[in-house]
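No value in this document is a laboratory result; all are computed from the given coordinates. Bear in mind the structure is a predicted one, so any value in this text is a computation, not a measurement. Cβ placement follows ideal geometry from the backbone for every residue including glycine, while neighbour counts extend to all protein chains displayed.
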Amino acid sequence: MTEYTVEFVGTGETVQVEDTDTILSRCLDEGIAQEYSCRVGMCLACTAEIIEGEVTQPAARGLTEEEKENYALTCMARPQSDLKLDRGKYPPSIEDEVGVDASADGEVTADD
Ligand code: FES
C-alpha cells in the first residue's frame, strides 16, 4: 500500500488516501464536505477535475474513457500519485446536458 496526498484546490483541504481507498471514503472519514449521492459511479455528483496527478477508476461508469483522463469520480477513484482536484467541475458533455456554460466559470457577463 502507498499513501498519497489529495489536495482540493480552492479550499486547500488535504487528505491522505491509500491507493486501496477511494478518495470519497477518506473524505467522509476526515469530515471533508465532498458531495456524493449514488456511490457506485453513476450519478456524477462526486465529480472533480484532475488538475495534477493520476487516479485509477475502472468502475467509473458515468464517465467515458476520454473523460476519465481529466475527471475523477471520487466515489470510485483511487489515487496513483499525489493529486490536486477541483471539486464540482464536470466534463463538457455533462455541462452541455444540464445547460451550464462551462466556459463562464460562474461569472456573470454583460451577455447574461
Ligand atoms: S456518488 Fe454518484 S458517481 Fe460518485
Only unsatisfied item for Lys84, checking (1) part of a loop (DSSP other than H, G, I, E, B); (2) surrounded by 15 or more Cβ atoms within 10 Å (Cβ to Cβ); (3) of a type in the set (Lys, Arg), is (1)
Taking segment 1-39 and keeping only residues that are touching an Asp or Glu at 6+ places or on another chain (Cβ under 6 Å) and of a type outside the set (A, V, I, L, M, F, W, C), one is left with Thr2, Glu3, Tyr4, Thr5, Thr14, Gln16, Glu18
Note on segment 26-64: residues crowded, with 17+ Cβ neighbours inside 10 Å, of a type in the set (Val, Ile, Thr) and within 13 Å of the chain's Cα centre (by Cα) are Thr47, Ile50, Val55
If we keep only residues of segment 34-64 that are more than 11 Å from the ligand (Cβ to nearest atom) and of a type in the set (S, T, N, Q), then the residue farthest from Met1 (Cα to Cα) is Thr64
**Asked** Are any of the residues in segment 9-25 assigned to a helix (DSSP H, G or I) and among the hydrophobic types (A, V, I, L, M, F, W, C)?
**Response** yes
When restricted to Glu67, Glu13, the only residue more than 14 Å from the ligand (Cβ to nearest atom) and surrounded by 15 or more Cβ atoms within 10 Å (Cβ to Cβ) is Glu13
Among Ala48, Ala72, Ala60, the single one that is without any contact (Cβ under 8 Å) to a residue 24 or more places away in the chain and not in a helix (DSSP H, G or I) is Ala60
